[in-house]
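The values are calculated or read from the model by the stated rules, or taken from the named source; none is laboratory data. Fair warning: this is a prediction, and the values are worked out from it, not measured in the lab. Because the Cβ atoms are built from the backbone with ideal geometry, glycine has one as well, and the counts that use them run over all protein chains shown.
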Amino acid sequence: MGLVDGKVALIFGVANKNSIAWGITQRLYEEGATIALSYAGEALKKRITPLAEEINCDFVEECDVTSDEQLDELFEKVKAKYGRIDILVHSVAFASREDMGGRFVDISREGFKMALDISAYSLVAMAKRAEPLMSEGSSVMSLTYYASEKVMPRYHVMAIAKAALEAITRYLANDLGPKGIRVNAISAGPIKTLAAAGVPGFRMMLKYSEKAAPLRRLVSQEDVGNAALWLASDLSTSVTGEVLHVDAGYNILGLTATEEDLAGL
């Protein structure tokens with residue numbers, strides 16, 4: 001019997017087999033969850049369909065998370081098919097490349113609004129619609145990144161969106177807690193994904209994180225998937241409003257120079 005056997009998981013944000021959301025999806029499926037997938041844009045359908053077939057998923061629906069009408073329609077479809085949601089996974093983020101390079105002060109007003117809407121407010125919009133379909137023990141989770149806490153080169157507007165996402169996590173946890181619904185976020189270390197490819201200087205970020213992190217390695221889809229499984233399961237029933245770092249320890253560092261670097265000083 002799996003850790004989430006019989007539970008229904010609605011997952012937003014699978015883009016391809018390298019997505020963090022796909023790593024989460026696989027672990028939830030392996031431990032017994034019924035999976036429902038939502039993707040952004042018709043162009044992703046051809047990538048998502050074969051992945052859905054791998055996990056016997058027959059619910060694959062497009063949804064623009066900036067549209068209240070499309071969100072209403074999607075959640076009505078989930079209600080009609082399953083009658084409930086036990087696990088909600090938010091792995092949605094987007095910002096214009098122009099607002100993630102150059103100087104932070106040059107972020108455009110429209111770019112700021114778009115990044116916050118898609119990457120942060122969408123969690124509020126999803127939780128509002130999921131709440132009536134959730135019961136005690138249900139779990140909501142999202143994906144964030146350490147740039148929400150400390151300055152990371154060129155992450156810029158997305159860092160602000162992730163900071164907002166983490167604040168939203170805490171407020172939703174307080175709102176939904178009396179109903180026994182838990183809300184948490186996973187702060188994953190850098191992973192090679194389609195979304196990450198849009199971050200200027202990402203290859204350098206990968207290389208440096210592997211060198212400086214206490215465990216001296218990068219994290220994987222499987223690492224994040226295991227953490228998500230824990231948050232989705234009854235093993236974490238007293239955990240809510242938290243940001244769980246899955247980053248090989250990078251977030252604990254004050255000085256990111258390694259012992260080898262210091263030896264050369």
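Structure summary
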read-out: Boolean, Leu74 is among the aliphatic types (A, V, I, L, M) and under 19 Å from Leu231 (Cα atoms); value: no
read-out: Candidate set from segment 121-150 (those that are crowded, with 24+ Cβ neighbours inside 10 Å and more than 19 Å from Ala232 (Cβ to Cβ)); member that is farthest from the chain's Cα centre (by Cα); value: Ser122
read-out: Residue in segment 151-168 that is crowded, with 23+ Cβ neighbours inside 10 Å, touching a residue at least 24 places away in the same chain (Cβ under 8 Å) and more than 25 Å from Arg109 (Cβ to Cβ) present; value: no
read-out: Residue list for segment 153-180, filter: modelled with pLDDT under 95, aromatic (Phe, Trp, Tyr) and in a helix (DSSP H, G or I); value: none
read-out: Conditions (1) β-branched (Val, Ile, Thr); (2) surrounded by fewer than 24 Cβ atoms within 10 Å (Cβ to Cβ); (3) under 13 Å from the mean Cα position of the chain (by Cα); number of the one not met by Thr34; value: (3)
read-out: Qualifying position, being modelled with pLDDT of 95 or more, β-branched (Val, Ile, Thr), touching a helix residue (DSSP H, G or I) at 6+ places or on another chain (Cβ under 7 Å) and outside any helix (DSSP H, G or I), among Val124, Val183; value: Val183
read-out: Among residues of segment 83-104, those that are at pLDDT 95 or above and more than 25 Å from Asn16 (Cα to Cα), counted; value: 2
read-out: Pairs where the first residue, in segment 116-138, is of a type in the set (Asp, Glu) and the second is at pLDDT 95 or above and surrounded by fewer than 18 Cβ atoms within 10 Å (Cβ to Cβ), C-beta under 8 Å, 6+ apart; value: Asp117/Thr66; Glu131/Lys179; Glu136/Lys179; Glu136/Gly180
read-out: Criterion: touching a Ser or Thr at 6+ places or on another chain (Cβ under 6 Å) and either among the basic types (Lys, Arg) or more than 30 Å from His156 (Cα to Cα) (or both) - qualifying residue of Val92, Val4; value: Val4
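Quick grid of which residues meet (1) surrounded by fewer than 13 Cβ atoms within 10 Å (Cβ to Cβ); (2) at pLDDT below 95; (3) within 26 Å of Tyr39 (Cα to Cα); (4) of a type in the set (A, V, I, L, M, F, W, C):
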| position | (1), (2), (3), (4) |
| --- | --- |
| Lys207 | yes, yes, no, no |
| Val239 | no, no, no, yes |
| Val246 | no, no, yes, yes |
| Leu253 | no, yes, no, yes |
